[in-house]
Amino acid sequence: MDESGRFGLAAVAWAAGGAGTQAAAAAARELAHGVRTVVLVEGSSDRSALDALAARYGRDLGAEGVAVVPLGGATNIGRFLDVCGPPGLGLPLAGLCDIGEERHFRRHLERVGLAPAPGRAGLERLGFHVCVADLEDELIRALGAEGVQRVIEAQGETRPFRTFRGQPAQRERPVEHQLRRFLGTHSGRKALYARALVEHLPPGRVPRPLERLLTHV
């Protein structure tokens, strides 16, 4: 694991608190010297997508000193801003969140002295980008329902998806809703498909929040 990856683990342990907080804080402070930017994302699937997109462009974010740190849920943004932002290590920050969690990000950025200007553009100028409604939804719209189903087939999960679509709660839903629910049925699948969908995106169809975040860092 590279230095940026080790920093991410230390930052997560520091933000979590508990018995190992002091050791984690010391490790994060030491490793921070090799970190150029910290990218705060909601979960591991967002990190997988960003890493996959960087690889498509021949970039290795860890080697560049970009630490992509999953929050374990958007409501934890405040703890990570306290660790990585002005109250803590004072590192340059960027991030990605779902539209439903935008208010959490904005409120805590304001609290630590990084108040964004009004509107989505204000957040983007700080390097924070918003998915509508979430990253899975962005990727499904970018690839189209048929494209996503081809990726599911390539992963050998056509039969599980058909079974899922046959459930009473899913039968009357549009296929795009079925796909979004299927991709998010458990965390391992979510991260797997975040990477796979990004790898199959046609040129020029990268979701705007993901593209602009990578450009920013």
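For a quick protection proxy, order the peptides 37-45, 203-211, 73-81 by their average other-Cβ count within 10 Å, most packed first.
Highest mean packing first, the order is 37-45, 73-81, 203-211.
How much length is gained if the chain between residue 22 and residue 117 is pulled fully straight, taking 0.36 nm per residue apart and subtracting their Cα-Cα distance, in nm to one decimal?
Fully extending the segment from residue 22 to residue 117 adds 30.7 nm.
Putting +1 on Lys and Arg Cβ atoms and -1 on Asp and Glu Cβ atoms, find which of 9, 38, 168 reaches farthest to the positive end of the dipole of the chain.
168
What does the C-alpha gyration tensor say about the overall shape of the stretch 1-106? Classify as rounded when a/c is under 1.5, otherwise prolate if a/b is larger than b/c, or oblate.
Cα axes put the stretch 1-106 in the oblate bin.
Once phi is turned into ³J(HN,Hα) by the Karplus curve 6.51 cos²θ - 1.76 cosθ + 1.60 with θ = phi - 60°, what whole-Hz value does each residue of the stretch 62-71 show in order, with x for glycine and proline?
Per residue, the Karplus-derived 3J(HN,Hα) values read x, 5, 7, x, 9, 9, 8, 10, x, 7 Hz.
Give me P(r) over the stretch 74-217, computed from all C-alpha to C-alpha distances, binned every 5 Å, as integer percentages.
2, 9, 17, 18, 16, 13, 11, 8, 5, 2, 0
I'd like the FRET efficiency for residue 164 and residue 56, computed as 1/(1 + (r/R0)^6) with the beta carbon distance as r and R0 of 45 Å, rounded to 0.05.
The value I calculate is 0.95.
Give the ranking of 126, 192, 179 by solvent-accessible surface, highest area first, calculated with a 1.4 Å probe.
192, 126, 179
Which residues' amide hydrogens lie under 5 Å from the amide hydrogen of residue 89, considering only partners 5 or more residues apart or on another chain, with H built in the peptide plane?
So residue 89 has HN proximity to 84.
Got a sec? Which residues in the stretch 50-93 would a label at residue 2 touch, if it sits 7 Å along Cα→Cβ and we count backbone N under 20 Å?
Counting backbone N atoms under 20 Å from the label point, the list is 50-71, 91-93.
Just to confirm, what accessible area per residue do you get for the stretch 1-148 at 1.4 Å probe, in whole Å²?
41 Å²
Counting each DSSP H run of 4 or more residues in the chain as -39500 (n - 2.57), what helix-only mean residue ellipticity at 222 nm follows after dividing by all residues, to the nearest 500 deg cm²/dmol?
Computed mean residue ellipticity for the chain: -16500 deg cm²/dmol.
For the stretch 95-100, in order, what is each residue's ³J(HN,Hα) by Karplus, 6.51 cos²θ - 1.76 cosθ + 1.60 with θ = phi - 60°, in whole Hz (x at glycine and Pro)?
Those phi angles translate into x, 9, 8, 7, 4, x Hz.
Roughly how many percent of the accessible protein surface of the chain is carbon and sulfur, given a 1.4 Å probe and a whole-percent answer?
Answer for the chain is 50 percent, counting heavy atoms of protein chains only.
For residue 206, which sequence-distant residues (separation of 5 or more, or a different chain) have an amide H within less than 5 Å of its own amide H, given hydrogens modelled in the peptide plane?
none
Between the stretch 61-101 and the stretch 156-217, what is the C-alpha centre distance in whole Å?
Between the Cα centres of the stretch 61-101 and the stretch 156-217 lies a distance of 24 Å.
Could you state the accessible area per residue of the stretch 164-213 in Å², with a 1.4 Å probe and every protein chain left in place?
Counting only protein heavy atoms, the per-residue value for the stretch 164-213 is 58 Å².
The values are calculated or read from the model by the stated rules, or taken from the named source; none is laboratory data. Just so it is clear, the model here is predicted, and its values are computed rather than measured. In this analysis, Cβ positions are derived from the backbone assuming ideal geometry, glycine residues included, and neighbour counts consider all displayed protein chains. Note: accessible area is taken over every heavy atom of the protein model, side chains too, but ligands, DNA and RNA are not part of it. Shrake-Rupley method; radii C 1.70, N 1.55, O 1.52, S 1.80 Å.
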